Amino acid sequence: LRCDFFSDALGLSTSMTVILPQRTETQIGMTGAASEAPPPVLYLLHGLSDDDTIWLRRTSIERYASPLGLAVVMPQVHRSFYTDQAYGGKYWTFLSEELPRLVSEFFRVSEAREDTFVAGLSMGGYGAFKWALSAPDRFAAAASLSGAVNITGLRTSRLRDEDPRMFERIFGDAPIPDSADLFHLVREADPAALPALYLSCGTEDVLLEDNRKLVAACADAGVELTSAFPPGEHEWGVWDSEIRTVLDWLPLRTRLG
C-alpha cells in the first residue's frame, strides 16, 4: 500500500509505504501467510538520498516478508536524519510519536513490544538505533545496515557537496545533543533493558570504521550486539542480502514461513 496522509508533527502531507500480510494459496512463485492475530510489524527506515518507496524498489522486501506474516512500515522523512531539525520539520517527533499512533489507527498490527521491530540502512540505520536506544521499551529488536552511526564525525568530516548546509539545517550552530549521539546513548543505556541489536557493514564501505567503533563502544558498555561485516560497498546488493539476514534474525514469536 502507498498511504498518503497529513502529519500534524510536520505540518504537511506526507506518505508511507506499507506491506501487510496476506494469506494466499494460488499465488505462483511466492508464498503468502497471515495469522488470526494482529501481525508483528517492522519499521524499515530509508537512507539519505531515498524515500518511503526505496526498499520496495531496490530490494525484494515484499517477497522476503510475505511468508513470515510480517507487516512492514516504511515512512518518508526526507534528508532529516530522523531529527527535529533546527530549521525544518520535527521528524523525530513524527517518527517516534506520531507515526506509531497513526499506524495503529490505520492498520491492524500488533502494538506489543515483542512484536515490534525497527531496521534501516545508512541514515536509516542511524535512525533505527537512535529510536531503539531512546525507547527500548518499544522494540524487541533493532538492526542497522551500513549505518551512519557517527553523527559527530559526519558533521565535521563528511560534508555533502550537494547539500553543504545539511547539518546546519538539522542541528543549527549547537553541538550534537547527547540524545542524537549513538555513542552517548550506548554508554548511558541499561544493557538489560535494551532490545536485541544487530549491526552490519560492508568491508569496503566508507562507513566501516565508524561501525567498528560502535561495536567496540557496545562491548565497552556491556551492550550485547550481533555484528557482521560481509564483503561489499555502500550499495543495494549488500542491503538486499542483509535485510534477508535481518528477517531471519528477528525474534518473531511465530514464524509462519
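General observations
- Rg over Rh, two decimals, the stretch 127-257 (C-alpha only, Kirkwood Rh): 0.98
- Here the accessible area is traced with a 1.4 Å probe on the protein chains. For the chain, carbon and sulfur cover 47 percent of it.
- Distance in nm between pseudo-label sites at ALA193 and ALA86 (7 Å out along the Cβ direction from Cα): 3.0 nm
- Rounded FRET efficiency, nearest 0.05, which uses the C-beta distance separating SER179 from ILE28 and R0 of 45 Å: 0.40
- Over the chain: helical MRE at 222 nm, DSSP H runs n ≥ 4 each giving -39500 (n - 2.57), nearest 500: -8500 deg cm²/dmol
- Hypothetical label at SER15: residues of the stretch 71-101 whose amide nitrogen lies under 13 Å (7 Å Cα-Cβ projection): 74-78
- With protein chains left intact and a 1.4 Å probe, residues in the chain average 45 Å² of accessible area per residue.
- Cβ-derived FRET efficiency at R0 45 Å, GLU224 paired with LEU1, nearest 0.05: 0.80
- For the stretch 167-238 versus the stretch 18-56, the spacing of their alpha-carbon centroids is 26 Å.
- Kirkwood Rh (inverse of mean 1/r, distinct Cα pairs), the chain, angstrom: 18.5 Å
- Under the Debye formula (equal points on every Cα, no solvent term), log10 I(q)/I(0) of the stretch 214-257 at q = 0.18, 0.22 Å⁻¹: -0.74, -0.90
The values are calculated or read from the model by the stated rules, or taken from the named source; none is laboratory data. From a predicted model like this one, the values you see are computed outputs, not experimental measurements. Because the Cβ atoms are built from the backbone with ideal geometry, glycine has one as well, and the counts that use them run over all protein chains shown. Only protein heavy atoms, including side chains, enter the accessible area calculation; ligands, DNA and RNA are left aside. Shrake-Rupley method; radii C 1.70, N 1.55, O 1.52, S 1.80 Å.
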